[in-house]
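Just below is one structure, and these are the notes that go with it.
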Amino acid sequence: MPTLFYRAQHALDTCLTLDFFAPLLIRLYLAPVMWMAGSRKLAHMDATIDWFDVGLGLPLPALMAWLATLTELVGAILLLTGLAVRWISIPLMITMLVALFTVHWPYGWQAIADPSSLFANERVQESAAKLARARALLQEHGNYDWLTSSGRLVILNNGIEFAATYFVMLLSLFFTGAGRWVSIDYWLTRRLGTQA
């Protein structure tokens, strides 16, 4: 029995040669998310500043809007290239926490309303009747097949699910770094002989 355990452990240890895949995939997943969020803010900066001020009640709304926007845009580039990943993870995590607590917290966990979910709150439960009515109206008075040809009709709940998930992914990158082989951080560390 111990021999079987040692062989299994050796097989697991052999997999560590591929440990660069996890941080690489997290970076490649998060880069376009951050880029789209920052680009959207930048394209509508006046509305973003107004939303940070009136909608969220944040202090220094223009400064906060620009900081969030630039953090997301620069963060996307740094994540994609694997440069200063641990450093950029810090302001990106702060951005996610601000979004989580100021924007998404009142809506519960779910990003998309699913009344059958364990995490469905009262707001999500109420969305089922509204969604059913919207479907009925669209089926009767609209071209429902065309409207749903790109995906299902859903109600956005806007809960903390995505912000919390991105935060956890960034926290992982903060501790692991950009990963080996496919990051500038790795090659700089090898060149300079220091920790990334």
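A short reminder: the numbers here are calculations on the coordinates, not readings from a lab. Everything numeric in this text was worked out from a predicted model, so none of it was measured. In this analysis, Cβ positions are derived from the backbone assuming ideal geometry, glycine residues included, and neighbour counts consider all displayed protein chains.
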Legend entry - Paired Rg and Dmax values of the chain, which use every Cα atom, in angstrom: 21.7, 69
Legend entry - Two-decimal ratio, the stretch 151-196, of alpha-carbon radius of gyration to 2.2 N^0.38 Å: 1.83
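Taking the Cα centre of the stretch 1-132 as origin, sum charge times position over the Cβ atoms of Lys and Arg (+1) and Asp and Glu (-1), and report the length of that vector in debye to the nearest 20.
280 debye
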Inset, instruction - With runs of 4+ DSSP H residues as the only contributors, calculate the mean residue ellipticity of the chain at 222 nm using -39,500 (n - 2.57) per run, divided by the residue total and rounded to the nearest 500. - result: -21000 deg cm²/dmol
Inset, instruction - Take the eigenvalues of the Cα gyration tensor for the stretch 1-104, scale each by 5, and report the square roots as semi-axes in whole Å, largest first. - result: 40, 14, 10
Inset, instruction - Do me a favour and compute the ellipsoid semi-axes for the stretch 96-161 from its Cα gyration tensor, root of five times each eigenvalue, largest one first, whole Å. - result: 27, 13, 9
Inset, instruction - Quick one: angle between helix 85-99 and the longest Cα principal axis of the chain, in degrees between 0 and 90, rounded to 10, please. - result: 20 degrees
Legend entry - Relative contact order for the chain, counting Cα pairs under 8 Å that sit 6 or more residues apart, in percent: 28 percent
